[in-house]
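Here the structure is laid out as C-alpha coordinates; the discussion comes afterwards.
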Amino acid sequence: MKSKGLLAASFLLLVLAGIIWWSNRKVATADKTPVENTTTKLLGIPEDQFQDIEIKKRAGEIIHLQRADSKWQIVSPDALPADPEAVSSMLSSLSSLSPDRTVEEKAASIDQYGLSQPAFELYVTDKKKKTSKLLIGDDTPAGTAVYAAIAGDPRVFAISSYKKNSFDKSTNDLRDKRLLIFDSDKVSSIELNAKKQTVAFARTKDEWQIVKPKPFRAARSHVEELLRSLRDVKMDLSGSEDEKKAAGAFGSGAPFATARVTDISGTQELQVRKNKDDYYAKSSAVAGVYRLSSATGTALDKGLDDFQNKKLFDFAFADPDKVELHDGSKTYLLTHSASDWWSNGTKMEPSTVSALVDKIRDLVASKFAETGFTASQMDLIVTSDSGKRVEKAMLSKNGDKYLAKRENEPALYELNASDVTDLQKLAADLKPAAAAAPPSSKK
(Lines give C-alpha, C1' and ligand atoms only; values in the text may rest on other atoms or scores of the structure.)
Protein backbone atom coordinates (compact mmCIF):
# COMPACT_ATOMS: atom_id res chain seq x y z
CA MET A 1 0.00 0.00 0.00
CA LYS A 2 2.77 2.38 0.86
CA SER A 3 4.53 1.65 -2.41
CA LYS A 4 1.33 2.43 -4.35
CA GLY A 5 0.91 5.73 -2.51
CA LEU A 6 4.53 6.59 -3.13
CA LEU A 7 4.13 5.77 -6.81
CA ALA A 8 1.04 8.01 -7.11
CA ALA A 9 2.79 10.88 -5.35
CA SER A 10 5.79 10.50 -7.64
CA PHE A 11 3.52 10.57 -10.67
CA LEU A 12 1.75 13.73 -9.48
CA LEU A 13 5.11 15.37 -8.76
CA LEU A 14 6.28 14.50 -12.27
CA VAL A 15 3.12 16.01 -13.82
CA LEU A 16 3.48 19.18 -11.71
CA ALA A 17 7.13 19.55 -12.73
CA GLY A 18 6.10 19.19 -16.38
CA ILE A 19 3.49 21.92 -16.03
CA ILE A 20 5.95 24.27 -14.36
CA TRP A 21 8.54 23.55 -17.06
CA TRP A 22 6.03 24.28 -19.86
CA SER A 23 4.82 27.48 -18.18
CA ASN A 24 8.36 28.75 -17.73
CA ARG A 25 9.10 27.83 -21.33
CA LYS A 26 6.14 29.92 -22.55
CA VAL A 27 7.17 32.86 -20.40
CA ALA A 28 10.70 32.69 -21.71
CA THR A 29 9.50 32.29 -25.27
CA ALA A 30 6.84 34.99 -25.21
CA ASP A 31 8.22 37.55 -22.80
CA LYS A 32 11.94 37.19 -22.29
CA THR A 33 13.81 35.59 -25.15
CA PRO A 34 11.79 35.99 -28.35
CA VAL A 35 12.51 33.91 -31.39
CA GLU A 36 12.83 37.04 -33.49
CA ASN A 37 12.70 40.80 -33.09
CA THR A 38 10.98 42.51 -35.99
CA THR A 39 9.82 45.91 -37.12
CA THR A 40 7.57 44.47 -39.81
CA LYS A 41 4.21 46.23 -39.93
CA LEU A 42 1.35 43.81 -39.43
CA LEU A 43 -1.09 45.60 -41.73
CA GLY A 44 1.07 47.97 -43.73
CA ILE A 45 -1.84 50.24 -44.70
CA PRO A 46 -1.15 53.99 -44.87
CA GLU A 47 -3.32 55.99 -42.52
CA ASP A 48 -5.19 57.76 -45.33
CA GLN A 49 -5.98 54.48 -47.14
CA PHE A 50 -8.28 52.91 -44.52
CA GLN A 51 -11.82 52.69 -45.81
CA ASP A 52 -13.71 50.26 -43.58
CA ILE A 53 -13.07 48.79 -40.12
CA GLU A 54 -15.07 46.15 -38.30
CA ILE A 55 -14.33 45.14 -34.73
CA LYS A 56 -15.82 41.82 -33.58
CA LYS A 57 -15.47 41.01 -29.91
CA ARG A 58 -15.65 37.63 -28.23
CA ALA A 59 -18.53 38.87 -26.07
CA GLY A 60 -20.59 39.48 -29.22
CA GLU A 61 -20.27 43.25 -29.70
CA ILE A 62 -19.66 44.31 -33.30
CA ILE A 63 -18.58 47.85 -34.19
CA HIS A 64 -18.51 48.82 -37.84
CA LEU A 65 -16.97 52.06 -39.11
CA GLN A 66 -16.93 53.39 -42.65
CA ARG A 67 -15.27 56.37 -44.26
CA ALA A 68 -17.37 58.69 -46.42
CA ASP A 69 -15.05 61.14 -48.16
CA SER A 70 -12.89 62.39 -45.29
CA LYS A 71 -15.38 61.69 -42.48
CA TRP A 72 -15.82 58.48 -40.52
CA GLN A 73 -19.20 57.17 -39.47
CA ILE A 74 -20.21 54.39 -37.08
CA VAL A 75 -22.74 52.31 -39.03
CA SER A 76 -23.39 49.62 -36.40
CA PRO A 77 -24.54 48.79 -33.80
CA ASP A 78 -26.12 52.26 -34.26
CA ALA A 79 -25.65 54.92 -36.91
CA LEU A 80 -23.59 57.59 -35.14
CA PRO A 81 -21.01 60.19 -36.15
CA ALA A 82 -17.51 59.10 -35.19
CA ASP A 83 -15.12 61.15 -33.10
CA PRO A 84 -12.49 62.44 -35.60
CA GLU A 85 -9.71 62.49 -33.01
CA ALA A 86 -10.48 59.03 -31.60
CA VAL A 87 -10.66 57.45 -35.06
CA SER A 88 -7.53 59.25 -36.24
CA SER A 89 -5.63 57.97 -33.20
CA MET A 90 -6.82 54.41 -33.86
CA LEU A 91 -5.87 54.59 -37.55
CA SER A 92 -2.42 55.88 -36.65
CA SER A 93 -1.93 52.93 -34.28
CA LEU A 94 -3.15 50.38 -36.83
CA SER A 95 -1.09 51.85 -39.66
CA SER A 96 2.15 51.68 -37.67
CA LEU A 97 1.32 48.46 -35.77
CA SER A 98 4.32 46.16 -35.55
CA PRO A 99 4.90 43.13 -33.32
CA ASP A 100 7.22 43.30 -30.36
CA ARG A 101 8.41 39.80 -31.17
CA THR A 102 7.62 36.69 -33.12
CA VAL A 103 6.51 33.85 -30.83
CA GLU A 104 6.38 31.13 -33.49
CA GLU A 105 7.27 31.19 -37.17
CA LYS A 106 4.94 28.34 -38.05
CA ALA A 107 2.44 27.60 -35.34
CA ALA A 108 1.08 24.08 -35.54
CA SER A 109 -1.88 25.15 -33.41
CA ILE A 110 -3.08 28.59 -32.38
CA ASP A 111 -5.46 27.29 -29.71
CA GLN A 112 -2.92 27.71 -26.92
CA TYR A 113 -2.65 31.45 -27.75
CA GLY A 114 -6.38 32.12 -27.63
CA LEU A 115 -6.45 32.83 -31.36
CA SER A 116 -8.93 30.14 -32.41
CA GLN A 117 -11.60 32.06 -30.52
CA PRO A 118 -9.90 35.47 -30.31
CA ALA A 119 -10.70 38.17 -27.80
CA PHE A 120 -11.52 40.28 -30.81
CA GLU A 121 -11.00 40.40 -34.56
CA LEU A 122 -10.37 43.44 -36.74
CA TYR A 123 -11.42 43.34 -40.37
CA VAL A 124 -9.63 46.20 -42.09
CA THR A 125 -10.40 47.18 -45.69
CA ASP A 126 -8.36 49.68 -47.65
CA LYS A 127 -9.39 51.90 -50.57
CA LYS A 128 -8.40 49.14 -53.01
CA LYS A 129 -11.00 46.93 -51.29
CA LYS A 130 -8.36 44.57 -49.92
CA THR A 131 -9.37 43.20 -46.51
CA SER A 132 -6.94 42.07 -43.82
CA LYS A 133 -7.99 40.24 -40.66
CA LEU A 134 -6.11 40.87 -37.43
CA LEU A 135 -6.65 38.40 -34.56
CA ILE A 136 -6.00 39.36 -30.95
CA GLY A 137 -5.78 36.47 -28.50
CA ASP A 138 -4.96 35.90 -24.85
CA ASP A 139 -2.55 37.78 -22.65
CA THR A 140 0.97 36.42 -22.46
CA PRO A 141 1.88 34.76 -19.12
CA ALA A 142 3.61 37.92 -17.86
CA GLY A 143 0.52 39.98 -18.70
CA THR A 144 2.46 42.72 -20.51
CA ALA A 145 1.53 41.67 -24.02
CA VAL A 146 -1.07 39.77 -26.04
CA TYR A 147 -0.81 37.18 -28.76
CA ALA A 148 -1.70 38.30 -32.27
CA ALA A 149 -1.84 36.91 -35.77
CA ILE A 150 -2.87 37.87 -39.29
CA ALA A 151 -5.36 35.47 -40.89
CA GLY A 152 -3.53 33.37 -43.51
CA ASP A 153 -0.10 33.99 -41.95
CA PRO A 154 1.33 31.03 -39.98
CA ARG A 155 3.26 33.26 -37.60
CA VAL A 156 2.15 34.11 -34.06
CA PHE A 157 3.29 37.42 -32.65
CA ALA A 158 3.28 39.18 -29.30
CA ILE A 159 2.30 42.85 -29.18
CA SER A 160 2.41 45.10 -26.14
CA SER A 161 -0.84 45.54 -24.24
CA TYR A 162 -0.74 49.33 -24.69
CA LYS A 163 -0.71 48.82 -28.46
CA LYS A 164 -3.76 46.58 -28.23
CA ASN A 165 -5.54 49.16 -26.07
CA SER A 166 -5.09 51.78 -28.79
CA PHE A 167 -7.57 49.96 -31.04
CA ASP A 168 -9.56 47.87 -28.56
CA LYS A 169 -12.42 50.37 -28.48
CA SER A 170 -16.11 50.44 -27.60
CA THR A 171 -18.85 52.35 -29.39
CA ASN A 172 -18.75 55.04 -26.71
CA ASP A 173 -14.99 55.37 -27.19
CA LEU A 174 -15.39 55.98 -30.92
CA ARG A 175 -18.58 58.02 -31.15
CA ASP A 176 -18.45 61.79 -31.45
CA LYS A 177 -19.41 63.01 -27.99
CA ARG A 178 -19.48 66.71 -28.87
CA LEU A 179 -22.82 68.43 -28.38
CA LEU A 180 -21.89 71.44 -30.50
CA ILE A 181 -20.12 70.82 -33.80
CA PHE A 182 -18.60 73.93 -35.30
CA ASP A 183 -15.41 75.31 -36.78
CA SER A 184 -13.82 77.53 -34.12
CA ASP A 185 -11.95 79.58 -36.71
CA LYS A 186 -15.19 80.34 -38.59
CA VAL A 187 -17.32 81.35 -35.59
CA SER A 188 -18.67 84.86 -36.10
CA SER A 189 -20.84 85.28 -32.99
CA ILE A 190 -21.62 83.78 -29.59
CA GLU A 191 -24.52 84.42 -27.26
CA LEU A 192 -24.56 83.28 -23.64
CA ASN A 193 -27.57 83.52 -21.37
CA ALA A 194 -26.47 82.79 -17.79
CA LYS A 195 -26.66 84.42 -14.37
CA LYS A 196 -29.90 86.11 -15.51
CA GLN A 197 -27.93 88.04 -18.14
CA THR A 198 -27.62 87.77 -21.90
CA VAL A 199 -24.19 88.60 -23.29
CA ALA A 200 -23.59 88.55 -27.04
CA PHE A 201 -20.23 88.71 -28.81
CA ALA A 202 -19.29 89.45 -32.42
CA ARG A 203 -15.94 88.75 -34.04
CA THR A 204 -14.22 90.89 -36.63
CA LYS A 205 -11.10 89.15 -37.90
CA ASP A 206 -9.39 88.10 -34.64
CA GLU A 207 -10.96 90.67 -32.36
CA TRP A 208 -14.02 90.10 -30.18
CA GLN A 209 -16.49 92.81 -29.20
CA ILE A 210 -19.37 92.65 -26.73
CA VAL A 211 -22.48 93.80 -28.63
CA LYS A 212 -25.12 93.01 -26.01
CA PRO A 213 -26.32 94.36 -23.58
CA LYS A 214 -24.21 97.30 -24.82
CA PRO A 215 -21.15 97.67 -27.04
CA PHE A 216 -18.27 97.02 -24.64
CA ARG A 217 -14.63 96.08 -25.16
CA ALA A 218 -14.19 92.36 -24.65
CA ALA A 219 -11.30 90.57 -22.98
CA ARG A 220 -10.22 88.49 -25.94
CA SER A 221 -8.68 85.65 -23.91
CA HIS A 222 -11.85 85.23 -21.86
CA VAL A 223 -14.08 85.03 -24.93
CA GLU A 224 -11.70 82.53 -26.52
CA GLU A 225 -11.85 80.47 -23.32
CA LEU A 226 -15.66 80.46 -23.57
CA LEU A 227 -15.41 79.35 -27.19
CA ARG A 228 -13.09 76.49 -26.21
CA SER A 229 -15.48 75.47 -23.42
CA LEU A 230 -18.39 75.33 -25.88
CA ARG A 231 -16.32 73.39 -28.39
CA ASP A 232 -15.40 70.89 -25.66
CA VAL A 233 -18.93 70.37 -24.33
CA LYS A 234 -19.31 66.61 -24.49
CA MET A 235 -21.81 64.03 -23.32
CA ASP A 236 -20.67 62.27 -20.16
CA LEU A 237 -21.15 58.56 -20.89
CA SER A 238 -19.15 57.30 -17.92
CA GLY A 239 -22.25 56.40 -15.86
CA SER A 240 -25.05 53.92 -16.41
CA GLU A 241 -27.79 56.53 -16.76
CA ASP A 242 -30.03 55.88 -19.78
CA GLU A 243 -31.47 58.50 -22.12
CA LYS A 244 -34.95 58.32 -20.61
CA LYS A 245 -33.66 59.04 -17.11
CA ALA A 246 -31.43 61.86 -18.40
CA ALA A 247 -34.40 63.39 -20.25
CA GLY A 248 -36.44 63.28 -17.05
CA ALA A 249 -33.69 64.94 -15.04
CA PHE A 250 -33.37 67.64 -17.71
CA GLY A 251 -37.12 68.24 -17.76
CA SER A 252 -37.34 68.72 -13.99
CA GLY A 253 -34.07 70.67 -13.74
CA ALA A 254 -33.68 74.43 -13.36
CA PRO A 255 -32.49 76.42 -16.40
CA PHE A 256 -28.79 77.10 -15.90
CA ALA A 257 -27.39 78.44 -19.18
CA THR A 258 -28.21 78.70 -22.86
CA ALA A 259 -25.51 79.24 -25.48
CA ARG A 260 -25.77 79.93 -29.21
CA VAL A 261 -22.83 79.66 -31.57
CA THR A 262 -22.90 80.84 -35.18
CA ASP A 263 -20.39 79.83 -37.85
CA ILE A 264 -20.61 79.52 -41.64
CA SER A 265 -22.93 76.50 -41.34
CA GLY A 266 -25.50 78.31 -39.20
CA THR A 267 -26.46 78.68 -35.53
CA GLN A 268 -26.42 75.88 -32.96
CA GLU A 269 -28.02 76.08 -29.53
CA LEU A 270 -27.16 74.35 -26.27
CA GLN A 271 -29.53 74.36 -23.32
CA VAL A 272 -28.11 73.41 -19.93
CA ARG A 273 -30.16 72.65 -16.84
CA LYS A 274 -29.09 71.78 -13.33
CA ASN A 275 -30.76 69.07 -11.31
CA LYS A 276 -29.40 68.91 -7.77
CA ASP A 277 -25.64 68.73 -8.33
CA ASP A 278 -25.79 67.37 -11.88
CA TYR A 279 -25.88 69.16 -15.23
CA TYR A 280 -27.85 68.01 -18.27
CA ALA A 281 -27.82 69.40 -21.79
CA LYS A 282 -29.89 69.36 -24.93
CA SER A 283 -28.37 70.44 -28.23
CA SER A 284 -29.87 71.48 -31.56
CA ALA A 285 -26.95 69.68 -33.27
CA VAL A 286 -27.30 66.25 -31.63
CA ALA A 287 -30.44 64.29 -30.77
CA GLY A 288 -31.06 63.36 -27.14
CA VAL A 289 -30.36 64.66 -23.64
CA TYR A 290 -27.04 63.99 -21.94
CA ARG A 291 -25.34 64.49 -18.62
CA LEU A 292 -22.42 66.94 -18.59
CA SER A 293 -19.37 67.01 -16.39
CA SER A 294 -19.51 69.50 -13.52
CA ALA A 295 -16.47 71.29 -15.01
CA THR A 296 -18.46 72.00 -18.18
CA GLY A 297 -21.35 73.38 -16.15
CA THR A 298 -19.22 75.79 -14.16
CA ALA A 299 -17.40 76.94 -17.33
CA LEU A 300 -20.71 78.40 -18.54
CA ASP A 301 -21.58 80.06 -15.24
CA LYS A 302 -20.37 83.50 -16.34
CA GLY A 303 -21.80 86.98 -16.70
CA LEU A 304 -20.95 90.29 -18.34
CA ASP A 305 -18.20 91.24 -15.86
CA ASP A 306 -16.33 88.04 -16.68
CA PHE A 307 -15.87 89.10 -20.30
CA GLN A 308 -15.37 92.85 -20.19
CA ASN A 309 -11.87 94.13 -20.84
CA LYS A 310 -10.84 95.65 -17.52
CA LYS A 311 -7.71 97.35 -18.85
CA LEU A 312 -8.27 101.04 -19.48
CA PHE A 313 -5.84 101.24 -22.41
CA ASP A 314 -5.03 98.92 -25.31
CA PHE A 315 -1.52 100.02 -26.29
CA ALA A 316 -0.06 96.98 -24.53
CA PHE A 317 3.73 96.61 -24.36
CA ALA A 318 4.73 98.83 -27.27
CA ASP A 319 5.96 102.29 -26.30
CA PRO A 320 3.34 104.88 -27.31
CA ASP A 321 4.14 107.73 -29.70
CA LYS A 322 2.65 110.44 -27.51
CA VAL A 323 1.19 110.79 -24.00
CA GLU A 324 -0.90 113.72 -22.77
CA LEU A 325 -2.04 114.10 -19.18
CA HIS A 326 -4.28 116.99 -18.14
CA ASP A 327 -4.76 117.10 -14.37
CA GLY A 328 -6.60 120.28 -13.39
CA SER A 329 -4.21 123.16 -14.08
CA LYS A 330 -1.28 120.78 -14.73
CA THR A 331 -0.53 119.52 -18.20
CA TYR A 332 2.13 117.00 -19.22
CA LEU A 333 2.96 116.37 -22.88
CA LEU A 334 5.43 113.66 -23.83
CA THR A 335 6.51 112.60 -27.32
CA HIS A 336 8.59 109.60 -28.29
CA SER A 337 11.22 109.85 -31.00
CA ALA A 338 13.58 106.98 -31.76
CA SER A 339 14.72 105.92 -28.26
CA ASP A 340 14.24 109.30 -26.61
CA TRP A 341 11.36 111.01 -24.84
CA TRP A 342 10.77 114.75 -25.18
CA SER A 343 8.58 117.33 -23.47
CA ASN A 344 8.20 120.77 -25.02
CA GLY A 345 11.62 120.50 -26.68
CA THR A 346 13.36 119.14 -23.57
CA LYS A 347 14.85 115.68 -23.55
CA MET A 348 13.45 113.74 -20.60
CA GLU A 349 15.02 111.25 -18.19
CA PRO A 350 13.81 107.92 -19.72
CA SER A 351 13.38 106.08 -16.38
CA THR A 352 10.87 108.64 -15.10
CA VAL A 353 8.87 108.53 -18.33
CA SER A 354 8.90 104.72 -18.43
CA ALA A 355 7.54 104.58 -14.86
CA LEU A 356 4.65 106.86 -15.84
CA VAL A 357 3.90 104.96 -19.07
CA ASP A 358 3.95 101.64 -17.21
CA LYS A 359 1.46 103.00 -14.68
CA ILE A 360 -0.88 104.17 -17.43
CA ARG A 361 -0.54 100.81 -19.16
CA ASP A 362 -1.44 98.96 -15.95
CA LEU A 363 -4.57 100.95 -15.08
CA VAL A 364 -7.28 98.35 -14.63
CA ALA A 365 -10.82 98.36 -13.31
CA SER A 366 -11.46 96.70 -9.98
CA LYS A 367 -15.05 96.43 -11.19
CA PHE A 368 -17.52 98.23 -13.45
CA ALA A 369 -20.03 100.85 -12.31
CA GLU A 370 -23.45 101.68 -13.72
CA THR A 371 -23.55 105.37 -12.76
CA GLY A 372 -21.59 108.01 -10.85
CA PHE A 373 -19.42 109.67 -13.48
CA THR A 374 -19.66 113.47 -13.20
CA ALA A 375 -17.30 116.09 -14.55
CA SER A 376 -13.87 114.96 -15.76
CA GLN A 377 -11.04 115.91 -13.42
CA MET A 378 -8.23 114.26 -15.33
CA ASP A 379 -7.81 113.45 -19.04
CA LEU A 380 -5.37 110.91 -20.43
CA ILE A 381 -4.68 110.70 -24.17
CA VAL A 382 -2.35 108.01 -25.51
CA THR A 383 -1.34 107.83 -29.19
CA SER A 384 0.28 104.58 -30.39
CA ASP A 385 0.82 102.33 -33.40
CA SER A 386 2.43 105.11 -35.46
CA GLY A 387 -0.52 107.39 -34.87
CA LYS A 388 -3.16 104.84 -35.94
CA ARG A 389 -4.56 104.37 -32.43
CA VAL A 390 -5.63 107.27 -30.24
CA GLU A 391 -7.16 106.40 -26.86
CA LYS A 392 -8.69 109.00 -24.58
CA ALA A 393 -9.84 108.33 -21.02
CA MET A 394 -11.51 110.76 -18.63
CA LEU A 395 -11.34 110.32 -14.85
CA SER A 396 -13.87 111.55 -12.31
CA LYS A 397 -13.66 111.40 -8.49
CA ASN A 398 -16.47 109.40 -6.89
CA GLY A 399 -16.20 109.14 -3.11
CA ASP A 400 -12.98 107.33 -2.29
CA LYS A 401 -12.78 105.86 -5.82
CA TYR A 402 -12.24 107.15 -9.31
CA LEU A 403 -14.44 106.34 -12.29
CA ALA A 404 -12.85 106.31 -15.73
CA LYS A 405 -14.60 106.47 -19.05
CA ARG A 406 -13.10 105.91 -22.50
CA GLU A 407 -14.14 108.34 -25.19
CA ASN A 408 -17.27 107.25 -27.10
CA GLU A 409 -17.73 104.12 -24.95
CA PRO A 410 -20.42 103.49 -22.31
CA ALA A 411 -18.41 101.44 -19.79
CA LEU A 412 -17.46 103.01 -16.45
CA TYR A 413 -14.21 101.62 -15.01
CA GLU A 414 -13.88 101.84 -11.25
CA LEU A 415 -10.24 102.53 -10.36
CA ASN A 416 -8.56 102.37 -6.98
CA ALA A 417 -7.78 105.87 -5.69
CA SER A 418 -4.22 104.75 -4.84
CA ASP A 419 -3.56 103.98 -8.54
CA VAL A 420 -4.60 107.51 -9.51
CA THR A 421 -2.53 109.02 -6.69
CA ASP A 422 0.49 107.06 -7.88
CA LEU A 423 -0.15 108.29 -11.42
CA GLN A 424 -0.19 111.91 -10.27
CA LYS A 425 3.02 111.44 -8.28
CA LEU A 426 4.84 109.82 -11.22
CA ALA A 427 3.77 112.70 -13.46
CA ALA A 428 5.10 115.20 -10.93
CA ASP A 429 8.39 113.27 -10.74
CA LEU A 430 9.14 113.65 -14.46
CA LYS A 431 12.49 115.35 -14.98
CA PRO A 432 14.82 116.34 -17.79
CA ALA A 433 17.63 114.05 -18.78
CA ALA A 434 21.00 114.78 -17.22
CA ALA A 435 23.21 116.98 -19.35
CA ALA A 436 25.92 115.13 -21.22
CA ALA A 437 29.37 115.49 -19.69
CA PRO A 438 31.65 117.78 -21.73
CA PRO A 439 34.49 116.05 -23.57
CA SER A 440 37.73 115.93 -21.57
CA SER A 441 40.54 118.18 -22.79
CA LYS A 442 44.02 116.77 -23.30
CA LYS A 443 47.00 118.80 -22.17
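Okay, here's what the table says:
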| item | result |
| --- | --- |
| Protection proxy ranking, peptides 140-146, 83-89, 329-335, average beta carbon neighbours within 10 Å, highest first | 140-146, 83-89, 329-335 |
| Carbon plus sulfur fraction of accessible area for the stretch 307-424, probe 1.4 Å, in percent | 46 percent |
| Of every Cα-Cα pair in the stretch 274-343, the percent that sits beyond 13 Å | 79 percent |
| Karplus (6.51, -1.76, 1.60) ³J(HN,Hα), θ = phi - 60°, over the stretch 260-268, in Hz, Gly and Pro reported as x | 10, 10, 10, 10, 5, 8, x, 10, 10 |
| Cα centre as origin, Lys/Arg/Asp/Glu Cβ charges: the stretch 207-254 dipole, Debye | 340 debye |
| Selection of trypsin sites (Lys or Arg not before Pro), the stretch 170-224, meeting DSSP coil and at most 15 other Cβ within 10 Å | Lys196, Lys205 |
| Largest to smallest principal axis extent of the C-alpha atoms in the stretch 326-381, angstrom | 41, 24, 15 |
| From the C-alpha gyration tensor of the chain, square roots of 5λ in Å | 69, 31, 22 |
| C-alpha center-to-center spacing [the stretch 259-278, the stretch 421-435] in angstrom | 52 Å |
| Å² of accessible area per residue within the stretch 117-178, as computed with a 1.4 Å probe and no ligands counted | 44 Å² |
| Stokes-Einstein D for the stretch 221-260, Kirkwood Rh over Cα pairs, 10 °C, 1.306 mPa s (µm²/s) | 128 µm²/s |
| Note, ³J(HN,Hα) from phi for the stretch 195-210, Karplus 6.51, -1.76, 1.60, rounded to Hz, x at Gly and Pro | 6, 6, 10, 10, 10, 10, 10, 10, 10, 10, 6, 9, 9, 9, 10, 6 |
| 19 Å Cα-Cα threshold exceeded, pairs from Lys310/Lys359; Lys177/Lys282; Lys214/Lys397 | Lys214/Lys397 |
| Debye-sum result for the stretch 67-224 in log10 I(q)/I(0), which assumes one identical scatterer on each alpha carbon, at q = 0.14, 0.15, 0.18, 0.19 Å⁻¹ | -0.81, -0.87, -1.10, -1.18 |
| Probe 1.4 Å, accessible area per residue of the stretch 384-434, Å² | 52 Å² |
| Largest-first principal axis extents, alpha carbons of the stretch 154-295, Å | 71, 39, 24 |
| Percent accessible area from carbon and sulfur atoms, the stretch 156-259, protein chains only, probe 1.4 Å | 47 percent |
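The values are calculated or read from the model by the stated rules, or taken from the named source; none is laboratory data. Since this is a predicted model, take the numbers as computed values, not measurements. We place every Cβ from the backbone using ideal geometry, glycine too, and count neighbours over all the protein chains shown. Ligands, DNA and RNA are excluded from the accessible area calculation, which covers all protein heavy atoms including side chains. Shrake-Rupley method; radii C 1.70, N 1.55, O 1.52, S 1.80 Å.
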